[in-house]
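K.L.:
Just dropping this structure here.
The values are calculated or read from the model by the stated rules, or taken from the named source; none is laboratory data. In this text, all values refer to a predicted model and were calculated from it rather than measured experimentally. Here the Cβ positions follow ideal geometry from the backbone for every residue, glycine too, while neighbour counts run over all protein chains shown.
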Amino acid sequence: MWSIGRLNGSALMECFSSLNIECSLHLTSLVFMQGRLFMSARIIGFHANLFGHKTKFFFLWEDIDDIQFETATLSSMGSPIIVMTLRKGRGMDARHGAKSQDAQGRLKFHFHSFVSFNVAQRTIMALWKARSLSPEQKVRIVEESESKSLQTEETGSFLGLEDVYMPEVYSSVLSLPVSLSLSLSLSLSFFPHILHIMECIYQHLTKRIILLSTSLQANFCVELFGGGELEYRVMQKAGCLNYSLTPWELDKDGIYVRQICYKFDKCVSRYRGEAVSTQQRSLLPDRNGWVIEEVLTLHGVPLGDHFNLHFRYQIEHAPSKGEACHIRVYFGIAWLKSTRHQKRISKNIHSNLQDRLKLMVGEVEKEFLTGK
């Protein structure tokens, strides 16, 4: 087994230049990581850059003991799953990407949310079954699979996954407090386990609290990301159909992670594609508000596999406005492949983003003022 440490980022990309497919790596029952699966005649590897944290690993085709296909589940956001089980003792350098380890000590890797599941399934099985063939025969399989995977007029070259430039694209001050759960976080900042329990209790009782006292309607600003009825109503009005999500799960050091999946209404996109995103929530450094970071991928739209969308929602108290909160939104596009349509795509996304953000924030404020 080759050591990952021997390959830098550019060498890793060159090694897997034959074929790459966008997908998600399932890490735990509720957490997955969006990235790209790279395949060559000898090696299969995964690379992701999520919120600035890079993850990469690879193993040989002959390291794989079995490949199974599982039906779609809620945790896989309605996408079929490819499960790769390695031979005992193989792929230990890649164990940080495994979802589980069976009773025999074999690592299991779960991949889903492919741009085209059929293409991914066909390519993976062909290369795995051909592990005993000559290198020339394997390369021919990769080339044939690559030609079948062309779903747009161009594929472009892989650009790498660097830090994304994210300027501020929206700013607004709302006449409502940031969050009641923020007060809990401030008073219990030195007791993370108690904080987690209290937040769970708070989320369970939120609806009853709002019904009992309008003075406690202080959760609306952050509730846009709370997973409750408010979020579903707002996102539906924003043109997000079949909106589904996983609960916030404590990842590490007070950072929570969840996944979201939805389809676009035809008024938003004539292609009616699908969006899959990972969100990360944490307190601001001064503990005066929240920051929600998001990495979103598009499926079923032209050139959707050429880029990812990155968002940063910053929600904090606005002291000069009394009981009010300041929302800032930062946005950037991470280009995974080159395309001559890059400027046009960027312009279209930015023009639609402003209207979408105004609609979402306006609906939150309207919900608060009407006391729903």
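K.L.:
Restricting to the range 97-112, give me the number of residues that are part of a loop (DSSP other than H, G, I, E, B) and either among the hydroxyl-bearing types (Ser, Thr, Tyr) or crowded, with 18+ Cβ neighbours inside 10 Å (or both).
P.N.:
The qualifying residues number 3.
K.L.:
Against the conditions (1) out of contact with any helix residue (DSSP H, G or I) (no Cβ under 9 Å at 6 or more places or on another chain); (2) at pLDDT below 85; (3) charged (D, E, K, R), where does Arg287 fall short? Just the number, please.
P.N.:
(1)
K.L.:
In the range 325-372, what count of residues is obtained for those that are surrounded by fewer than 15 Cβ atoms within 10 Å (Cβ to Cβ), touching a helix residue (DSSP H, G or I) at 6+ places or on another chain (Cβ under 9 Å) and assigned to a loop (DSSP other than H, G, I, E, B)?
P.N.:
The number of residues fulfilling the criteria is 3.
K.L.:
Report yes if some residue within the range 6-26 is modelled with pLDDT of 85 or more, touching a helix residue (DSSP H, G or I) at 6+ places or on another chain (Cβ under 9 Å), closer than 23 Å to Glu249 by Cβ and in a strand (DSSP E or B); otherwise report no.
P.N.:
No: zero hits.
K.L.:
Still on this model: What residue, among those in the range 113-122 that are in contact (Cβ under 8 Å) with a residue 40 or more places away in the chain and assigned to a helix (DSSP H, G or I), is farthest from Phe58 (Cα to Cα)?
P.N.:
Across the range 113-122, the extreme among qualifying residues is Val119.
K.L.:
Here's another thing I want to ask about it. Of these, Phe69, Phe57, which one is at pLDDT 85 or above, out of contact with any helix residue (DSSP H, G or I) (no Cβ under 6 Å at 6 or more places or on another chain) and either among the aromatic types (Phe, Trp, Tyr) or part of a loop (DSSP other than H, G, I, E, B) (or both)? Show your work before the answer.
P.N.:
On the way: Phe57 fails: out of contact with any helix residue (DSSP H, G or I) (no Cβ under 6 Å at 6 or more places or on another chain).
When all the criteria are applied, what remains is Phe69.
K.L.:
Okay, moving on. For the structure I just gave you, tell me whether Arg312 is at pLDDT 85 or above and either of a type in the set (A, V, I, L, M) or assigned to a strand (DSSP E or B) (or both). Spell out how you get there, then give the answer.
P.N.:
On the way: at pLDDT 85 or above: yes; either of a type in the set (A, V, I, L, M) or assigned to a strand (DSSP E or B) (or both): yes.
When the stated conditions are applied, Arg312 passes them.
K.L.:
Can you confirm whether the range 259-278 contains a residue that is modelled with pLDDT under 85, touching a His at 6+ places or on another chain (Cβ under 9 Å) and more than 26 Å from Cys23 (Cα to Cα)?
P.N.:
no
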